[in-house]
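FYI, it's all coordinate maths here, none of it is from the lab. Nothing here was measured: the structure is a model prediction, and the numbers come from that model. A quick note on method: Cβ atoms are made from the backbone with ideal geometry, for glycine too, and the neighbour counts reach across all protein chains shown.
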Amino acid sequence: MLAIKQVTDKTDNKSPKTGSTRIERGIYRVNYPSHNGYRVYLKFKGVEYQKVFGVSGGERKALAQARRWRKEKLREIQNLPEANNPLKKLMSNNTSGITGVRRGKTAWSSTWVENGKQIHRSFAVEKHGEDEAFRLACRARAEAEKRMYGQVFQSALQVAI
């Protein structure tokens, strides 16, 4: 009977993988011999924005800094005149004059997208009256913008808060 000797591969599984791994939208974990950290990468209208945050101060701190920078840079990009931000551009079929606020058959409603889900708030004209229902819908939209973006973008909503 012949015995067959199996050759086992003795690769070191403890060494970190090199390369880049996506953590969340626009943030990547990079592991290269020259540097380790979190890379933030954004591209808007052909212009690339990127920055690397090293993990020498700690993993959590670097990730928090990367998230903060991404949020600030996105806010900066949204405020550019060429951004065509949907909050700045009023659609031709909008009759209320405010993005995300509309009049239905029986109520004024406000709509926005938060964490990937569309959210509606309706205020009945019969219960609140025409003007008050409109004001409440505007206020709900303004509060949502402030919560999501840190500020109210639409000047018509500035008085609603």
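A few remarks follow.
- Kirkwood-Stokes translational diffusion coefficient of the stretch 118-161, alpha-carbon pairs, 25 °C, 0.890 mPa s, µm²/s: 227
- Here the residues GLU132, GLU114, GLU143, ranked from fewest to most Cβ neighbours within 10 Å of their Cβ, fall in the order GLU114, GLU132, GLU143.
- Theoretical FRET efficiency, 1/(1+(r/R0)^6), r = Cβ-Cβ of ARG147 and LEU80, R0 22 Å, to 0.05: 0.45
- Take the Cα of ALA64, step 7 Å toward its Cβ, do the same at GLU114, and the gap between the two points is 2.4 nm.
- Taking 0.36 nm per residue of separation and subtracting the Cα-Cα distance, full extension of the segment from GLU132 to LYS71 would add 18.5 nm.
- Take the Cβ atoms of THR95 and GLN158, set R0 to 22 Å, and the FRET efficiency comes out at 0.60.
- From phi via Karplus (6.51, -1.76, 1.60), per-residue ³J(HN,Hα) for the stretch 37-51 in Hz, x at Gly/Pro: x, 10, 10, 9, 9, 10, 9, 9, 6, x, 9, 9, 10, 8, 7
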